[in-house]
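Laboratory data are not the source of any read-out in this text; all were calculated from the coordinates shown. Keep in mind that what you see is a predicted model, and the values were worked out from it rather than measured. Please note: Cβ atoms are built from the backbone with ideal geometry, for glycine as well, and neighbour counts cover all protein chains shown.
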Amino acid sequence: MQYEANTPNEYINELEDDWRKEKLVKIREMITSNGPELVEGIEHKMLSYGNGEKNIFHLNAQRAYVSLYVGDIDKVADARELLKDFKLGKGCIRIKRNQQLEKPDLKEFISRVIGLWREGKDTNC
């Protein structure tokens, strides 16, 4: 789904108050708490996180899942093992309604991506 928001707060406010908004807000918190220096913005009609020039994450609420886009998942050590409970694309993690986010695996993955970014390493496709 695409939202016509100009700011991250507008984006959040446009979401329906359902499980997608709840999961998206939790993932947003994982990103901002692990990378407080990341700039949150809007790019491609979804939330984006980066340094103002290059983004390392995009986050979007779809109809049947929440998407976290990261470039190339396989550039992160042990990513497939950490994310084994999620449906994955090359650069997309799909979080469905019944998936629990309390497990540390997704948070650890996000932390590793941010660590690579801080080291100047590339996680793009």
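For the stretch 16-78, the list of trypsin sites (Lys or Arg not before Pro) that fall in a loop by DSSP and count at most 14 other C-beta atoms within 10 angstrom reads 45, 54, 63.
Over the Cα atoms of the stretch 8-118, the radius of gyration divided by the Kirkwood radius equals 0.92; this is the Rg/Rh ratio.
Annotation for the stretch 66-120 versus the stretch 43-57: alpha-carbon center distance of 16 Å.
Kindly state, to the nearest 0.05, the FRET efficiency for residue 22 paired with residue 87, given R0 = 22 Å and r defined as their beta-carbon distance. List each step's numbers first, then the result.
Numbers: r = 19 Å, r/R0 = 0.85.
Step by step, r from the Cβ atoms, then E = 0.75.
Within the straight-line cut-off of under 21 Å between alpha carbons, the lysines reachable from residue 103 are 21, 23, 26, 84, 87, sequence neighbours fewer than 8 places apart in one chain being disregarded. For the stretch 84-125, trypsin sites (Lys or Arg not before Pro) are listed when DSSP marks them as loop and at most 13 other Cβ atoms sit within 10 Å of their Cβ; the list is 84, 90, 97, 121. Summarising the label geometry, the points placed 7 Å from Cα in the beta-carbon direction at residue 44 and residue 64 lie 2.0 nm from one another. Residues 12, 27, arranged from fewest to most other Cβ atoms within 10 angstrom of their Cβ, appear as 12, 27. A Förster radius of 25 Å, combined with the Cβ-Cβ distance separating residue 121 from residue 99, puts the computed FRET efficiency at roughly 0.35.
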